[in-house]
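Below is one structure; the comments refer to it alone.
The values are calculated or read from the model by the stated rules, or taken from the named source; none is laboratory data. Keep in mind the model is a prediction, meaning the values are calculated, not measured. Cβ sites come from the backbone with ideal geometry, for glycine too, and all protein chains shown count toward neighbours.
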Amino acid sequence: MVVLPVSGKSQPYSVEPSKIIALGLNYRSHIAESHSVKVSGFTEEVPKEPILFPKTPNVLIGPGEPIVIPAFLLEYGFEDLRTDYEAELAVIIGKKCRNIKAEEAFDHIFGYTCINDVSQRNIQSGDRSGWFRGKSLDTFGPVGPRIVPREQIDDPQSLRIQCRLNGKIVQDSSTAQMIFPIDYQIEFISKNFTLMPGDIIATGTPAGVGRLRHGDVVEVEIEKIGILSNPVVEEWMR
């Protein structure tokens, strides 16, 4: 559980989703860098429908908490051990959703925050079961710094989104560049799974993803929401 302040409200919000549904390949610019990411299922083809994968709630940490790259990864002897940052807009569901049409989608949103979809690339590429494990290791889902209620953001499809690694801008885009917009995401996801209050949709990342190392500080900044900052720790370096 992560407790975050809510813009304009005195009471904080306990982030305790029953599930986190994330979108892969939802920005054309990110698709174009598939050659450098080198992950199974990651191609230059623009998807015909949203590509969904889960992140489990154990990933959640708050602002300032460390992203921990676990020591067990060393047991595999990967030649090029790679764990990446991915800056994303997170949608927090406010009402139970099942078979919701796009035109009704925003009525079912509680608010928005930043999420870093931290991804262990070696496992993501190598696991026969797909992306699940490499996306769901402990601490691999920082959120924050606050939640902005839906009614305070007129157009969530026109927000600047950035990631900075040790102060250097590494991702810089706009949510306008999503292939599948938020209302369609909710329609599509709710057709497949019932969404419950508190559930999180991670809406995809733009180009510029890259490697995290011990001692790094990674920041996700989204216009009208704020800056989510987290240090990076390689567990074996503690």
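Pairing each residue of the stretch 65-82 that is under 18 Å from VAL233 (Cβ atoms) with any residue that is polar (S, T, N, Q), provided the two are 6+ apart or on different chains, yields C-beta distances under 6 Å for ILE67/THR139; ILE67/ASN230; VAL68/THR139; ILE69/THR83. The residues on offer are PHE140, PHE132, and the sole one that is exposed (fewer than 15 other Cβ atoms within 10 Å of the Cβ) and aromatic (Phe, Trp, Tyr) is PHE132.
For the stretch 180-232, which residues satisfy the criterion of being under 21 Å from SER119 (Cβ atoms), of a type in the set (Val, Ile, Thr) and surrounded by fewer than 20 Cβ atoms within 10 Å (Cβ to Cβ)?
Taking the stretch 180-232 and keeping what is under 21 Å from SER119 (Cβ atoms), we get 180, 185, 189, 199-222, 227-232.
Then drop every residue that is not of a type in the set (Val, Ile, Thr), which leaves 189, 200-201, 203, 205, 209, 217-218, 220, 222, 227, 232.
If the condition is that a residue be under 21 Å from SER119 (Cβ atoms), of a type in the set (Val, Ile, Thr) and surrounded by fewer than 20 Cβ atoms within 10 Å (Cβ to Cβ), then VAL217, ILE227 are the ones that fit.
With respect to the conditions (1) closer than 18 Å to GLY198 by Cα; (2) in contact (Cβ under 8 Å) with a residue 24 or more places away in the chain, ASP107 falls short on a single one, namely (2).
Tell me whether the stretch 111-118 contains one or more residues that are among the polar types (S, T, N, Q), within 23 Å of LEU195 (Cα to Cα) and either without any contact (Cβ under 8 Å) to a residue 24 or more places away in the chain or surrounded by 20 or more Cβ atoms within 10 Å (Cβ to Cβ) (or both).
Checked against the condition, which is being among the polar types (S, T, N, Q), within 23 Å of LEU195 (Cα to Cα) and either without any contact (Cβ under 8 Å) to a residue 24 or more places away in the chain or surrounded by 20 or more Cβ atoms within 10 Å (Cβ to Cβ) (or both), the stretch 111-118 yields at least one hit.
For first residues located in the stretch 1-13 and closer than 12 Å to GLN152 by Cα and in a strand (DSSP E or B), partners that are modelled with pLDDT of 95 or more and not basic (Lys, Arg) and lie 6+ apart or on another chain with Cβ distances below 8 Å form the pairs VAL6/PRO12; VAL6/TYR13; VAL6/GLY111; VAL6/ILE147; VAL6/VAL148; VAL6/PRO149. Filtered by the rule that a residue be closer than 28 Å to GLY64 by Cα and modelled with pLDDT of 90 or more, the stretch 19-51 gives LYS19, ILE20, ILE21, ALA22, LEU23, GLY24, LEU25, ASN26, TYR27.
Out of GLU75, GLU65, GLU16, report the one residue that is modelled with pLDDT of 90 or more and under 21 Å from ARG128 (Cα atoms). I'd like the intermediate steps shown before the answer.
Working: GLU65 fails: under 21 Å from ARG128 (Cα atoms); GLU16 fails: under 21 Å from ARG128 (Cα atoms).
Exactly one residue qualifies, and that residue is GLU75.
Close Cβ contacts (under 6 Å, 6 or more residues apart or on different chains) running from residues in the stretch 173-202 that are at positive phi to residues that are assigned to a loop (DSSP other than H, G, I, E, B) comprise GLY198/GLU16; GLY198/PRO17. Scanning the stretch 55-103 for residues being loosely packed, with under 14 Cβ neighbours inside 10 Å and among the acidic types (Asp, Glu) gives a total of 4.
The residue pairs whose first member lies in the stretch 218-238 and is farther than 19 Å from ASP154 by Cβ, whose second member is buried (at least 20 other Cβ atoms within 10 Å of the Cβ) and of a type in the set (Ser, Thr, Tyr), and whose beta carbons are closer than 6 Å, counting only pairs six or more residues apart or on different chains, are VAL218/TYR85.
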